[in-house]
Each structure stands twice: as structure tokens, then as C-alpha cells.
1. Top mean-square fluctuation among 46, 23, 12, Gaussian network model of the chain, C-alpha springs under 10 Å?
2. Which is farthest toward the positive dipole end of the chain among 12, 32, 56, measuring Cα position about the Cα centre, with Cβ charges +1 (Lys, Arg) and -1 (Asp, Glu)?
3. Could you work out [θ]222 nm for the chain from helices alone, using -39500 (n - 2.57) per DSSP H run of at least four and dividing by all its residues? Round to the nearest 500 deg cm²/dmol.
4. Would you mind computing, in nm to one decimal, how far apart the modelled labels at residue 43 and residue 11 are, each placed 7 Å from Cα along Cα→Cβ?
5. Please compute the contact order of the range 2-61 in relative form: average sequence separation of alpha-carbon pairs under 8 Å and at least six residues apart, divided by the residue count, as a percent.
6. What's the angle, to the nearest 10 degrees (0 to 90), between helix 2-18's Cα axis and the longest principal axis of the chain?
Amino acid sequence: MFAIAATIGLSAIWAAWANHDDAFALRKVAWIERRWGRNSSRTLLAVIGVLMLILAISFLTFP
């Protein structure tokens with residue numbers, strides 16, 4: 001479970017940092033992008049990535 005959460009978190013952070021168009025073509029992310037703009041959706045994607053990394057770390061520390 002740690003590996004899955006860490007992979008999703010790192011992928012989300014990478015997509016936000018690299019401004020990867022495929023990540024922003026996803027339906028829910030595209031909705032946020034249309035509503036609030038690309039910068040806000042990049043920030044939200046990075047925050048979700050950090051939260052996923054925190055979840056992955058919690059799997060290791062709290063068995």
C-alpha cells in the first residue's frame with residue numbers, strides 16, 4: 001500500500017511541477033482548470049500529491 005500511495009503522490013507532484021498536459025486532460029482536473037485556471041489546478045494537484053506522500057509515510061509509521 002505504501003508503494004501505491006507514494007507512486008501516486010510522486011506522479012501528481014511531477015505532473016504539477018512539469019505542467020504535464022496529459023495530467024490536466026483528466027476529467028476532474030480539467031474541470032478545475034476550466035473553472036479556476038491552470039495555476040490553481042497545478043497547485044491543487046501538488047497539494048494532493050503531498051497528501052498522498054503523507055498517507056504513504058503514515059502507512060510505514062502507524063502499522
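1. Of 46, 23, 12, the Gaussian network model singles out 23 as fluctuating most.
2. The residue sitting farthest along the positive end of the dipole is 32.
3. Values: 4 runs with 55 residues, N = 63.
Helix-only estimate at 222 nm: -28000 deg cm²/dmol.
4. The answer from the label model is 2.6 nm.
5. The normalised contact order for the range 2-61 reaches 58 percent.
6. 30
No lab work stands behind these numbers, since they all come straight from the coordinates. For clarity, every value in this text was computed on a predicted model and none was experimentally measured. So basically every Cβ, Gly included, is an ideal-geometry build from the backbone, and we count neighbours across all protein chains shown.
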